[in-house]
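J.: First the structure, which I've put down as structure tokens, then a few questions once you've had a look.
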Amino acid sequence: MKFFFLVGIVLVCTNPFISQAQTTELNGIVTDQKKNPLAGVNVFLKGTYDGATTDAKGQYRFTTSDTGTLELVATLLGFKDFRKTLILQGGNQQHNFMMKEKVNELKAVTISAGTIEASDSRRVTVLKPLDIVTTANAQGDIFGALRTLPGAQQVGEQEGLFVRGGAGSETKTIIDGMVVNNPFFSSTPDIAQRGRFNPFLFKGTVFSTGGYSAQYGQALSSALVLETQDMPDRTASTYSISAVGLGGGHVHLSKDKKSAWGGDLNYTNLLPYMKLVPQRQTYQQYPEFFGGSAFYRHQLRKNGLLKFYGYYNYGRLGLSQPRLDSLPANFRLNNHNVYTNLTYKDIISDKWSIYGGISYSYNLDNIRPDSLILGNRNELLQTRVMVTRVTGDLSALRVGGEWQQYGDGRSFQIDLNGFSTPKLFQNLQDYLSSAFAEYDLYASNRLVFRFGGRYEYSSILAQANLAPRVSISYKAGANSTLGLAYGDFYQKPVTQWLYDTRSHQGFEKATHYILNYQWITPAYTFRVEAYRKQYDQLLRTFEPNWDLAGGGYAQGIDLFWRDRKTFKNVDYWISYSFLDTRRQYLNYPIQAMPTFATPHTATLVFKKFFTKLNTAAGFTYSYSTGRPYFNPYETGFLTGRTPDLHNFGVNASILKTIRGAFCVLALSVTNVLGLEQVFTYRFNAAGERIAVGPPAPRFFFVGLFISVGQNRSNEVVNQNN
Amino acid sequence: MKQLLIVAALVVSALFPTASQAQNAKYLAAMEKNLLHLDSIQNPEEWMSKAGQFARIAMAEPTEWLPSYYAAYCQIMATTRTKGTEKLDEWLDEADKNIEEGLKRKPQESELLTLKAMSSFMRMRVNPMERWQKYGGISQENLAKAKEADPTNPRPWMLQGQSVLFTPEQFGGGKDKAMPILNTAIDKFNAFKPASKIHPIWGKEYCESLMK
């Protein structure tokens, strides 16, 4: 009995009371791998309150009354935890140690050569998605905004992204991994068309001006990789009314935030606008478009996301203009366009993630150039899978495959005053199968290698290609990166030529070499990139024997400077591109600078936010030297040059909340000064040279956008205002 | 014999504090010591070092939510004392982790939800134009939840008042709209009784300074 009492007392006594007398002092210095002291390290004994935070010299010092075996732990953001088992028995112990840096997604170097990223991600990027809609001259068009970046040419008479001496067809647009066959509204002679997709649909844009990833193919010059939004932040409705049309949309977020659906409807009619602002062309049918889109997103499991996006648009127009070269005098167009995309991605575990997608698109153009009746139909069905295996902190291997089924058909008739000839049909099909593998190997936070390869087989060409791609990025300083990229790129000849079996000789090829330096902070961005692109196996269409003996090169330097800080509430960027390119392809008799290239292009984009007026205003000035034009009467080939092109556009957005609705009034004018713009020259039957410019000297835009959300988050703009 | 043992145990526990009671006293003492002069801290490094101390207590006391709460609070306060925005997301990521840890220990705690609102409010500083829609939404949502979880808590009202105050009039903010909300906050501050010495009481003085 007494014995138990004693034991109890002894037990109670020995522990807390005696040890209190025995305090141990712990101290030391914490450094990184380069022996630099680390400040702010939380050093402590696990399971106790005892610990300290290191000072600027990396020193820590604390005492503990605990004894026995304890674990010393040190933690610091961005570093791997340090652990050491200690035996404490009073006295003084010194423990100096080193902490290893974690390879961290935000801090780690990323592939920079050839890549311009615009995304919401925390990483500092060149552009943000909002920039696309607030850039003057871009007119709310993704492609318009990208034309203010280095590498893109200012081509005004036709749609497309003409990158570094490449034709518009050498750029592919990809949404959530799926190729978009018709990213632009259907072509109209000498009038460039806008991109089809709303910039707000996307959370991220990667504009690759060369050397892009092995995940994508079939583009000799450039890939525009767009990623759609994930879950919306809230349920909201939007309405728009503008000089050219009406629109409305709704986004619904479910209560549990696991799913969302939405869509929009738009009607565009240029009749009122074109009645008011005289156009170069005469319209019999003013451009009219009706369209809509719908989406559904569903979160499955913890990290799985299923996304559906569907788009439909109908458009028609009819115009006449003086007959120039081979372009028709009268032109009518009816277009139906469908794009759908269903993808699923999921992070299965720390090591594995998967992606799968299926997409179908359809485009039908009924065109009546003069007395011809033409039908063009194209379809694309594609499936894509990719598996990612994480092999280190950030290193990852991606392996995937793609299967694309292209169908193209065209019909031809002649209208002889009400009597038409029988319809002639032509069809072609191509099955393109691809497989790719890409390995991102992070040697450290500072150095990454990307090795990739892509295999493609086209059934119509009955040929395969294997394209190696390599990129290296080295973080030279806290904010600077040095990048290198090399790769082979293959593309089928453009569909128009595929109707002739003489084009089925093989893929066209380009090889890219890129050297990049980038210095980027939240306030400033500086990029300089030198490149050389070698074209081989370009299709030549000399009669009677077509061949793949064409080729050429494009080389140059791209510069980009962006400054968000120097002037208060001002954000501006300057792009400059120097381009030296020559090629022989199609019917070019010799190597020459193509009609879509020019040596010098520069753009200044300026935006200022007037906080008192809640107005964002800005301008864009772009300048480019003259481009070659085709002159049937000259003795040389493509020797003439158009005059220099200047485009100075302004825009303003006024933001205001009216009864809880967030309103934006957007105003913009292109070519404010009304300078004459010559995109190219064409020749009429009399041999006279006619300048081709924009449809009207200026384009005016006035629009009101209203967003009504269910929560009142728009009450909170920011603390800095 | 068995009964004797029980008696013995009872006597022992009466005479000497049991392990858990000793631990509790030690916990309270450590918390009180760290909370002393908390709001006089000026520089971000000191706030982060304080956050480290609370984080240590949180790790040693896996059932208490207050250490996680204060660790997050200190990390958020550190961001208010730093001029640049480079570290902001990194620190707030840590704060959010501590808040989530706290909510695991005490779900639906009004004070933790208030901090969650504060953290996303601070994130807007990095780029207000692009972030207000997302983080403003998260902030408002959590303030609403915090009010619902404890209608007597003045702090969500104060934060809401602050956010309306700093919003330009054109966007439905301004002093006229903020004053009634801040007045409600003051009334609630006057009636507020913290559950213990170490429960949150901060904010009244700041609220008054906003109303001047």
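The values are calculated or read from the model by the stated rules, or taken from the named source; none is laboratory data. Please read these numbers as outputs of a predicted model, since none were measured by experiment. Quick reminder, even Gly has a Cβ in these numbers, built from the backbone with ideal geometry, and neighbours come from all protein chains shown.
J.: If we keep just the residues of the stretch A:650-675 that are part of a loop (DSSP other than H, G, I, E, B) and over 16 Å from A:K607 (Cα atoms), which is farthest from the chain's Cα centre (by Cα)?
T.: At the first step, the residues of the stretch A:650-675 found to be part of a loop (DSSP other than H, G, I, E, B) are A:659-660, A:670-675.
Those left that are additionally over 16 Å from A:K607 (Cα atoms): A:659-660, A:671-675.
Numbers: A:R659: 36, A:G660: 33, A:N671: 26, A:V672: 29, A:L673: 31, A:G674: 32, A:L675: 32 Å.
For the stretch A:650-675, the residue satisfying everything is A:R659.
J.: If we only count strands (runs of 3 or more DSSP E) wholly inside the stretch A:28-107, which ones have 2 or more residues that are touching a residue at least 12 places away in the same chain (Cβ under 8 Å)?
T.: A:42-45, A:59-64, A:68-75, A:82-88, A:91-94
J.: In addition: Quickly run through the stretch B:108-159 and pick out the residues that are under 17 Å from A:K257 (Cβ atoms) and small (G, A, S).
T.: Matches in the stretch B:108-159: B:A117, B:S120, B:G136, B:G137, B:S139, B:A144.
J.: Of the numbered conditions (1) of a type outside the set (S, T, Y); (2) within 27 Å of the chain's Cα centre (by Cα); (3) closer than 22 Å to A:D488 by Cβ, A:R389 satisfies every one except a single condition; which is it?
T.: With (1) of a type outside the set (S, T, Y); (2) within 27 Å of the chain's Cα centre (by Cα); (3) closer than 22 Å to A:D488 by Cβ applied to A:R389, the lone miss is (3).
J.: Quickly run through the stretch B:31-80 and pick out the residues that are of a type in the set (V, I, T) and either within 9 Å of chain A (Cβ to nearest Cβ) or under 21 Å from B:M122 (Cα atoms) (or both).
T.: Of the residues in the stretch B:31-80, the ones of a type in the set (V, I, T) are B:41, B:57, B:63, B:76, B:79-80.
The answer is B:I41, B:I57, B:I76, B:T79, B:T80.
J.: Can you find, within the stretch A:47-92, the residue that is nearest to the other protein chains (Cβ to nearest Cβ) among those that are surrounded by 12 or more Cβ atoms within 10 Å (Cβ to Cβ) and of a type in the set (V, I, T)?
T.: A:T53
J.: What's the number of the only condition in (1) over 27 Å from B:A30 (Cα atoms); (2) modelled with pLDDT of 90 or more; (3) of a type in the set (D, E, K, R) that B:E169 fails to meet?
T.: Failed condition: (2).
J.: Can you tell me which of A:Y474, A:Y490, A:Y486, A:Y455 is surrounded by fewer than 22 Cβ atoms within 10 Å (Cβ to Cβ), assigned by TED's automatic domain parsing to the domain that holds A:G550, of a type in the set (S, T, Y) and within 17 Å of A:T209 (Cα to Cα)?
T.: A:Y486
J.: If you scan the stretch B:127-151, which residues turn out to be surrounded by 22 or more Cβ atoms within 10 Å (Cβ to Cβ), more than 7 Å from every other protein chain (Cβ to nearest Cβ) and among the small types (G, A, S)?
T.: Correct list: B:A146 only.
J.: Which numbered condition in (1) surrounded by fewer than 22 Cβ atoms within 10 Å (Cβ to Cβ); (2) within 14 Å of chain A (Cβ to nearest Cβ); (3) at negative phi; (4) in contact with a helix residue (DSSP H, G or I) (Cβ under 6 Å, 6 or more places away or on another chain) is the only one that B:S119 fails?
T.: B:S119 satisfies every listed condition except (1).
Let's see how each residue does on (1) modelled with pLDDT under 95; (2) at positive phi; (3) among the hydroxyl-bearing types (S, T, Y):
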site	(1), (2), (3)
A:Q584	no, no, no
A:F610	yes, no, no
A:Y621	no, no, yes
A:P628	no, no, no
A:N651	yes, no, no
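J.: Could you check how many residues of the stretch B:152-170 are free of Cβ contacts under 8 Å to residues at least 40 places away in the same chain, surrounded by fewer than 22 Cβ atoms within 10 Å (Cβ to Cβ) and either closer than 21 Å to B:S110 by Cβ or touching a strand residue (DSSP E or B) at 6+ places or on another chain (Cβ under 8 Å) (or both)?
T.: 1
J.: Tell me the residue from B:K83, B:K87 that is within 11 Å of chain A (Cβ to nearest Cβ) and modelled with pLDDT under 90, please.
T.: When all the criteria are applied, what remains is B:K87.
J.: Tally time: how many residues in the stretch A:356-372 are under 28 Å from A:T383 (Cα atoms) and either outside the structural domain of A:G401 (by TED's automatic domain parsing) or among the hydroxyl-bearing types (S, T, Y) (or both)?
T.: Here the count works out to 4.
J.: Out of B:M77, B:M124, which single residue is under 24 Å from A:N479 (Cβ atoms) and surrounded by 17 or more Cβ atoms within 10 Å (Cβ to Cβ)?
T.: Among B:M77, B:M124, only B:M124 is under 24 Å from A:N479 (Cβ atoms) and surrounded by 17 or more Cβ atoms within 10 Å (Cβ to Cβ).
J.: On to the next question. Name the single residue, out of those in the stretch A:599-625 being within 14 Å of another protein chain (Cβ to nearest Cβ) and assigned to a loop (DSSP other than H, G, I, E, B), that is surrounded by the most Cβ atoms within 10 Å (Cβ to Cβ).
T.: Selected residue: A:N614.
J.: If you take the residues in the stretch A:415-457 that are polar (S, T, N, Q) and in a strand (DSSP E or B), which one is modelled with the lowest pLDDT?
T.: A:S420
J.: Restricting to the stretch A:693-721, count the residues that are modelled with pLDDT of 90 or more and outside the structural domain of A:Q158 (by TED's automatic domain parsing).
T.: 0
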